[in-house]
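Structure first, then comments.
The values are calculated or read from the model by the stated rules, or taken from the named source; none is laboratory data. No experiment lies behind these values; they were computed from the predicted model shown. Here the Cβ positions follow ideal geometry from the backbone for every residue, glycine too, while neighbour counts run over all protein chains shown. Side chains are part of the model used for accessible areas, which takes the heavy atoms of the whole protein and leaves out ligands, DNA and RNA. Shrake-Rupley method; radii C 1.70, N 1.55, O 1.52, S 1.80 Å.
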Amino acid sequence: MSVGTGPLAGMRVLELAQIMAGPTAGMMLADLGADVIKVEKLPGGDDARDYRDPVINGVSAPFMMLNRGKRGIALNLKHARGRDILLRLVKDADVLTENYRRGTLEKLGLGYDVLAGANPGLIYCAVSGYGRTGPYADKAGFDLIAQGFSGLMAITGEPGGPPAKTGNSVADINAGILAVVGVCAAYAHKMRTGQGQVVDTSLMEAALQQTYWQAAIYFATGTSPQALGSAHALTAPYQAFQAADGWLNIGGANQANWERVADVLGHPEWKSDARFLANTDRMRNRDQLATQINAVLGTRTRAEWMQAFDAAGVPAGPVHSIAEAIEHPQTRSRGMVLEVDHPQAGVTRALGNPLHFSATPGGNTLPAPLLGQHTREVLRECGYSDAEIDDFVAEGVIVTGP
């Protein structure tokens, strides 16, 4: 067993969640030092194990990405003895996470009331499609559906184009982050009072939270903002522009930066041009401004312009591919790329912990578990004998890994 050394060392988490939002939360909690035990369903385990393209030595790369740092057990919760095992695990847990449709665990006799009866200090974190209350509480949810529901797809893509989702699973990932925030807040309350509680968040709310600026515009004007490509809803120039050999972002987000942009581009007269004088003018004439900036940027390479912008103190940066972003020295220097030694896949790479602590830096080198890899280990910790564990295997209650 790997002992967590981060700020949440000593916290034990049971992760009943699967695919992305819940496992994102579990991975982050593990990075912060928690002992995260992934409780996978039988048969088959986490559905992300079936994301088979790409695989590394037969193991799903997406599954490995989101489930490193965890111990894994495989448990049949439809079996009475499987439910008994979970209740025993709950007695020693601080947190249980799940992302089933509302009512699923209740039908199994494992709702919050039952679990809290076994452990009043349990923090029960539910991540669902729309939340546990309201007219859509019983609907299933997926990242794509949440992005459309929240309005994100209406503000993503090029002006006048079809609705587009973000390239990443922003609702899933942000829901996982919100779950971590909620768990940590509830854990602080538990440390003061000994009481657990339900933490409830959803993909819909995680997506809607991403629309702060656009919601402000709607609240103020009654008009729904539209897609702007890479442009900003409130300031200009603040978007991607094209140099001779690629794209770069320029952040002229205030008057001082705008004036520096004009100087670097060799057009100081733009600062007094009535079309570009103040941010309101530049927003009104954003397309004309972008055309003029692109014409100048096309005369030099991205690297040459970056050198000039950096020297002038203008916020600017290249538009990287995923490979360029991951392999960049800044990314590597921050520990955002880890090497993980998986028992089947071998040495693989994963994204690291984006949080850094001076007093409790932590560290977790566990790879994603094989199905049921730690079942015997975890059940022994709960007091089960090897003979009992063998009986569970024979009855199909659990699966034990190698």
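Couple of notes before you dig in:
- Per residue, in Å², the accessible surface of the chain once ligands and nucleic acids are set aside, probe 1.4 Å: 47 Å²
- Listed values for the stretch 172-185 are Karplus-derived 3J(HN,Hα) couplings in whole Hz (6.51 cos²θ - 1.76 cosθ + 1.60, θ = phi - 60°), namely 4, 5, 5, 4, x, 5, 4, 4, 5, 4, x, 4, 5, 5, and x replaces Gly and Pro.
- Cα-based Lys pair tally, the chain, threshold under 20 Å, eight or more apart or on separate chains: 12
- Evaluated at q = 0.09, 0.10, 0.12, 0.13 Å⁻¹: base-10 log I(q)/I(0), Debye formula over Cα of the chain: -0.66, -0.78, -1.01, -1.12
- Just the protein heavy atoms count here, and of the accessible area of the chain at 1.4 Å, carbon and sulfur take up 55 percent.
- Stokes-Einstein D (µm²/s) once Rh is taken as the Kirkwood radius of the stretch 235-286 over alpha-carbon pairs, at 20 °C in 1.002 mPa s: 192 µm²/s
- At R0 = 60 Å, FRET efficiency that the Cβ-Cβ distance of SER385 and GLN255 yields, to 0.05: 0.25
- Per-pair calculated FRET efficiency, R0 = 45 Å: ALA118 and ALA312 via Cβ, rounded to 0.05: 0.10
- Dipole magnitude (debye, nearest 20) for the stretch 230-287, charges at Cβ of Lys, Arg, Asp, Glu: 180 debye
- The charge dipole of the chain, taken about the Cα centre with unit charges on the Cβ atoms of Lys, Arg (+1) and Asp, Glu (-1), comes to about 500 debye, rounded to the nearest 20.
- Each peptide in 55-63, 202-210 gets a packing score, the mean of other Cβ atoms within 10 Å over its residues, and the list from highest to lowest is 202-210, 55-63.
- In plain terms, the chain from VAL55 to ASP92 could stretch by 9.8 nm, reckoned as 0.36 nm per residue minus the Cα-Cα distance.
- In Å², nearest 10: area of THR280 left accessible to a 1.4 Å probe: 90 Å²
- Average silhouette area of the stretch 16-111, convex hull of alpha-carbon atoms, in square nanometres: 6.3 nm²
- Computed packing ranks the peptides 142-154, 24-36 as 24-36, 142-154, most packed first, by mean other Cβ atoms within 10 Å.
- The string of couplings for the stretch 52-57 from the Karplus curve (6.51, -1.76, 1.60, θ = phi - 60°) is 9, 9, x, 10, 10, 6 Hz, one whole number per residue in order, with x for Gly and Pro.
- Extension gain for LYS107 to GLN195 (0.36 nm times residue separation, less C-alpha to C-alpha distance): 29.2 nm.
- Debye, to nearest 20: dipole size of the stretch 186-303, +1 on Lys, Arg Cβ, -1 on Asp, Glu Cβ: 200 debye
- In sequence order, the stretch 10-18 has phi-based couplings of x, 7, 10, 10, 9, 9, 8, 7, 9 Hz under the Karplus curve 6.51 cos²θ - 1.76 cosθ + 1.60, θ = phi - 60°, and Gly or Pro positions carry x.
- Between LYS78 and ALA295, the contour length at 0.36 nm per residue exceeds the alpha carbon distance by 71.6 nm.
- In nm, spacing of pseudo-spin labels at THR133 and GLU324 (7 Å Cα→C-beta vector): 4.7 nm
- Across the options ALA368, LEU16, ALA253, the greatest Cα extent toward the positive end of the charge dipole of the chain (unit charges at beta carbon of Lys, Arg, Asp, Glu) belongs to ALA253.
- Estimated FRET transfer efficiency (THR166, GLN226; beta-carbon r; R0 25 Å; 0.05): 0.95
- Furthest towards positive pole of dipole, HIS267, SER224, ALA236, structure part the stretch 164-292, Cβ charges: SER224
- Size check on the stretch 11-67: the Cα extents along the three principal axes, sorted descending, read 33, 22, 18 Å.
- Segments 380-393, 98-111 sorted - mean Cβ within 10 Å per residue, highest first: 98-111, 380-393
- Nonlocal amide H pairs with THR301, under 5 Å, H built at 1.01 Å: ALA244
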